[in-house]
1. Identify the residue in the range 22-71 that is touching an Asp or Glu at 6+ places or on another chain (Cβ under 9 Å) and acidic (Asp, Glu) and, among all such residues, is surrounded by the most Cβ atoms within 10 Å (Cβ to Cβ).
2. Looking at the range 35-60, which of its residues are farther than 19 Å from Asp103 by Cβ, among the polar types (S, T, N, Q) and out of contact with any helix residue (DSSP H, G or I) (no Cβ under 6 Å at 6 or more places or on another chain)?
3. With the condition kept exactly as written, say whether any residue in the range 32-41 is of a type in the set (Val, Ile, Thr) and out of contact with any Ser or Thr (no Cβ under 8 Å at 6 or more places or on another chain).
4. Give, as residue ranges, the strands (runs of 3 or more DSSP E) completely inside the range 22-92 that count at least 1 residues that are among the aromatic types (Phe, Trp, Tyr), farther than 23 Å from Ile2 by Cα and at pLDDT 95 or above.
5. Kindly evaluate Val6 against the criterion of being surrounded by 14 or more Cβ atoms within 10 Å (Cβ to Cβ), modelled with pLDDT of 95 or more, under 23 Å from Gly110 (Cα atoms) and of a type in the set (A, V, I, L, M).
6. Just give me the residues in the range 96-110 being touching a helix residue (DSSP H, G or I) at 6+ places or on another chain (Cβ under 9 Å) and farther than 10 Å from Val24 by Cα, in sequence order.
7. Here are some conditions: (1) open to solvent by less than 60 Å² (accessible area, probe 1.4 Å); (2) over 17 Å from Phe39 (Cβ atoms); (3) in contact (Cβ under 8 Å) with a residue 40 or more places away in the chain. Gly106 meets all but one. Which one does it not meet?
8. Report whether or not Glu13 is closer than 29 Å to Gly123 by Cα and either among the basic types (Lys, Arg) or within 11 Å of the chain's Cα centre (by Cα) (or both).
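The values are calculated or read from the model by the stated rules, or taken from the named source; none is laboratory data. Here the structure is a predicted model, which is why all the values come from computation and not from measurement. Positions of Cβ are backbone-derived with ideal geometry, glycine not excepted, and every protein chain shown enters the neighbour counts. In case anyone asks, the SASA skips ligands and DNA or RNA and just uses the protein heavy atoms, side chains included. Shrake-Rupley method; radii C 1.70, N 1.55, O 1.52, S 1.80 Å.
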Amino acid sequence: MIPDDVKYTKEHEWVRQEGRTVTVGITHHAQKEMGDLVFVELPRPGQQLKAGEPMGTVESVKAVSEVFAPVTGKVVEVNEALADHPEKVNQDPHGDGWMARIDLEGEAQGLMTAAEYRAFLGGGD
């Protein structure tokens, strides 16, 4: 459940880069630890994000957790479907459960490869 075509953060966000635009979400590991999500707060389109700073929250029956911007840039799109269907993050965290698309400013820094993320998790998912 750790796709090789994306990069990862230590805070369990993933980043898929396509040119200067990146798609961002939380990892399978993160959603599994949270349990069933009941609410997702996303950044606003047009919002400027700085890598490492909060960009939204995910709420489950267990807890509320912040989602951190893995890159610096401007939000160009958010996954509006998550407002009514936060469970999409649980069902398909690296696909239909994506959270935001960001126009990258500069270069993405400090992200782990899939192999590095697997090692970070201790070889787990």
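1. Glu41
2. Within the range 35-60, just Thr57 meets the criteria.
3. no
4. In the range 22-92, the matching strands (runs of 3 or more DSSP E) lie at 37-41.
5. yes
6. Scanning the range 96-110 gives a single hit, Asp96.
7. Failed condition: (3).
8. Details: closer than 29 Å to Gly123 by Cα: yes; either among the basic types (Lys, Arg) or within 11 Å of the chain's Cα centre (by Cα) (or both): yes.
Spelling it out, Glu13 is indeed closer than 29 Å to Gly123 by Cα and either among the basic types (Lys, Arg) or within 11 Å of the chain's Cα centre (by Cα) (or both).
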